Amino acid sequence: MPRYLISFEKGAMDHIPEEDFPEVGKTSHAVIQEAKDAGVFLFGGGLRYDDGDVEHAVVGTDGVVTDGPYPESKELIGGVMIVDVPTREAALEWAAKIAVACRCAQDIRKFMYDPDLIE
């Protein structure tokens, strides 16, 4: 089945009051559990940018590491969920559920099919 990346940008949840984050966590974990129960969840999680590590780095083809932000980079990703679903419409349904739970819009992208990598 096709695999889809559902993601949102870093900062997309900045509008949520601090006191609402426990509820956001609860509802987003419920969606993840629902996806697991449905057998479509492959991976998911939020990315940390506040733990003292470099928030972004780029490794060039020459092996040189440039600590970010990198000028040509797109927006940083704030969180992801990867689902294995039969159709784009199914991916959009999961994205809608996580958008409500996380209180922010979600980006949907389909992974290219590679028979050597997908079981």
So, first residue in contact (Cβ under 8 Å) with a residue 60 or more places away in the chain and assigned to a loop (DSSP other than H, G, I, E, B) in the range 93-115, second residue surrounded by 14 or more Cβ atoms within 10 Å (Cβ to Cβ) and of a type in the set (D, E, K, R), Cβ within less than 9 Å, six or more apart or across chains; the pairs are C104/E9; A105/E9; F111/R3; Y113/R3
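For (1) at pLDDT below 90; (2) surrounded by 12 or more Cβ atoms within 10 Å (Cβ to Cβ), each residue gets a yes or a no:
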{"position": "L42", "(1), (2)": "no, yes"}
{"position": "V54", "(1), (2)": "yes, no"}
{"position": "P86", "(1), (2)": "no, no"}
{"position": "A91", "(1), (2)": "no, yes"}
Selection from the range 67-78 of residues touching a strand residue (DSSP E or B) at 6+ places or on another chain (Cβ under 8 Å), surrounded by 12 or more Cβ atoms within 10 Å (Cβ to Cβ) and modelled with pLDDT under 80 yields G68, Y70, E75, L76
Note on the range 83-104: residues of a type in the set (D, E, K, R) and closer than 13 Å to I6 by Cα are D84, R88, E89, E93, K97
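The values are calculated or read from the model by the stated rules, or taken from the named source; none is laboratory data. Fair warning: this is a prediction, and the values are worked out from it, not measured in the lab. Counting neighbours? That spans all protein chains shown, and the Cβs are built from the backbone with ideal geometry, glycine included.
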